[in-house]
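Below is one structure, written out as structure tokens; the observations come after it.
The values are calculated or read from the model by the stated rules, or taken from the named source; none is laboratory data. Quantities reported herein were computed from a predicted structural model and do not represent experimental measurements. For neighbour counting, all protein chains shown are included, and Cβ atoms are generated from backbone atoms with ideal geometry for every residue, glycine included.
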Amino acid sequence: MNTPTDTVIPTHSLAVVAHAAGDLRVDTVPVAVPTRSEVLVAVAYGGICGSDLHYWQHGAAGESVLRAPMRLGHEVVGTVITAAADGTGPAAGTRVAVHPATPGAGDGSPFPADRPNLSPGCTYLGSAARFPHTEGAFGSHVALPARMLRALPDGLSLRVAALVEPASVAWHAVSRGGTVAGRRVLVIGAGPIGSLIIAVLKRAGAVEIIAVDIHERPLEAALELGATQVLRATDAAAIASVNADVVFESSGSARGLASAVHGARRGGRVVMVGLLPSGEQPALISLAITRELELVGSFRFNDEIDDVMDALADGSLRVGPVVTHEFAAADALEAFAVGRDAAVSGKVLLRF
């Protein structure tokens, strides 16, 4: 079975499940028996993502609408308990991070071959984009495809590695911004993803990093992570005077996108990272046209996860201030309540 003889495999696991809008539960569920290409992972930590909060609060995340109870969670790290029977993937005892995407052809719509994150049939752990939903990994023991797992470098703790997935989202977003070394960069929204974007920008050599948020706590964290200046989101005049070469919109709001357009210099680039609500949204398109701005989307990530793990392991990517709270998985309801309050929390971890 490729399992250490002294390992006890439980029959049941805690699981954090969104049953409907406003209905989040910590359930006890059977531990799935891994298929030949799956491994059993003992989850150590799981990070609460904005999409998890949306499924709990609204029953939807963007275009993905909850139609049945779904286990949440895609930012997870842990240790392999049972290796895959087909011999693929890491051995038992290996500490791993998870790449939660499964690219797929879907309806056959064309997409760039080197950007599998855009494949029309791509699924993601803990996503209601398709039905049946793709179950997440917020559980004490979960069976996952061996191909999803990345062995952690020596010296990288599981707790720090819990940020590998969101840091990969940030790394991908910065790559969508083009050359940032020596440039002036504006980051709208200094929540967990915005904070990680700041950390990646600092590592990439951005000479000025201006962070914008409505709350004091994330702005303080932004300064710790490498921001050279912070602005209140209500200071429209100051934001408009930034004239940034590249702007990252990570607030996921129409007002944040408007601030991004105002804060970009003529001919600049705006990278849209925050996922706005489904449907039509107001946007300053006329201003974007007359300034010849490049509006660029950024969605999830691809193989950046490997670079992120190396950068975390060698200390060149500093992410410590991003994590503000840690809760036992049994206290997930309290953890989610704290995570929804951006004035007091950054990244909130569940400890399994």
(request) Looking only at the range 17-27, decide whether some residue is modelled with pLDDT of 95 or more and within 17 Å of the chain's Cα centre (by Cα). (result) no
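One line per residue, one yes/no per condition, for (1) within 22 Å of L275 (Cα to Cα); (2) over 23 Å from the mean Cα position of the chain (by Cα):
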| position | (1), (2) |
| --- | --- |
| A15 | no, no |
| P30 | no, yes |
| I48 | yes, no |
| G62 | yes, no |
(message) Just to verify a result, which residue in the range 154-181, among those that are out of contact with any strand residue (DSSP E or B) (no Cβ under 9 Å at 6 or more places or on another chain) and over 17 Å from G47 (Cβ atoms), is surrounded by the fewest Cβ atoms within 10 Å (Cβ to Cβ)?
(response) D154
(message) Checking the structure you have, find out if any residue of the range 272-282 is β-branched (V, I, T) and crowded, with 18+ Cβ neighbours inside 10 Å.
(response) yes
(message) Checking T79 against (1) more than 17 Å from V164 (Cα to Cα); (2) surrounded by fewer than 22 Cβ atoms within 10 Å (Cβ to Cβ); (3) of a type in the set (S, T, Y), only one condition comes out false. Which one?
(response) (1)
(message) For the range 306-325, give me each residue that is touching a strand residue (DSSP E or B) at 6+ places or on another chain (Cβ under 6 Å) and in contact (Cβ under 8 Å) with a residue 40 or more places away in the chain.
(response) V322, V323
(message) One residue is enough: does the range 102-121 have a residue meeting the conditions surrounded by 15 or more Cβ atoms within 10 Å (Cβ to Cβ), among the acidic types (D, E), in the same structural domain as A21 (by TED's automatic domain parsing) and in contact with a Gly (Cβ under 8 Å, 6 or more places away or on another chain)?
(response) no
(request) Those residues that are free of Cβ contacts under 8 Å to residues at least 60 places away in the same chain, within 19 Å of R176 (Cβ to Cβ) and of a type in the set (G, A, S), I need them from the range 195-238; list them, please. (result) A204, G205, A206, A211
(message) So, L125, is that one crowded, with 23+ Cβ neighbours inside 10 Å, under 25 Å from P218 (Cβ atoms) and in contact with a Pro (Cβ under 7 Å, 6 or more places away or on another chain) or not?
(response) no
(message) Quick check on L333: is it closer than 30 Å to P116 by Cα and either under 18 Å from the mean Cα position of the chain (by Cα) or not β-branched (V, I, T) (or both)?
(response) no
(request) Could you figure out which of (1) surrounded by fewer than 24 Cβ atoms within 10 Å (Cβ to Cβ); (2) not assigned by TED's automatic domain parsing to the domain that holds G46 isn't true of A190? (result) (1)
(request) Could you tell me whether the range 85-97 includes any residue that is over 16 Å from S51 (Cβ atoms), under 16 Å from the mean Cα position of the chain (by Cα) and not β-branched (V, I, T)? (result) yes
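Rundown of residues vs (1) assigned to a strand (DSSP E or B); (2) within 23 Å of V344 (Cβ to Cβ), yes/no style:
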{"residue": "A206", "(1), (2)": "no, no"}
{"residue": "A221", "(1), (2)": "no, yes"}
{"residue": "V230", "(1), (2)": "yes, yes"}
{"residue": "I239", "(1), (2)": "no, no"}
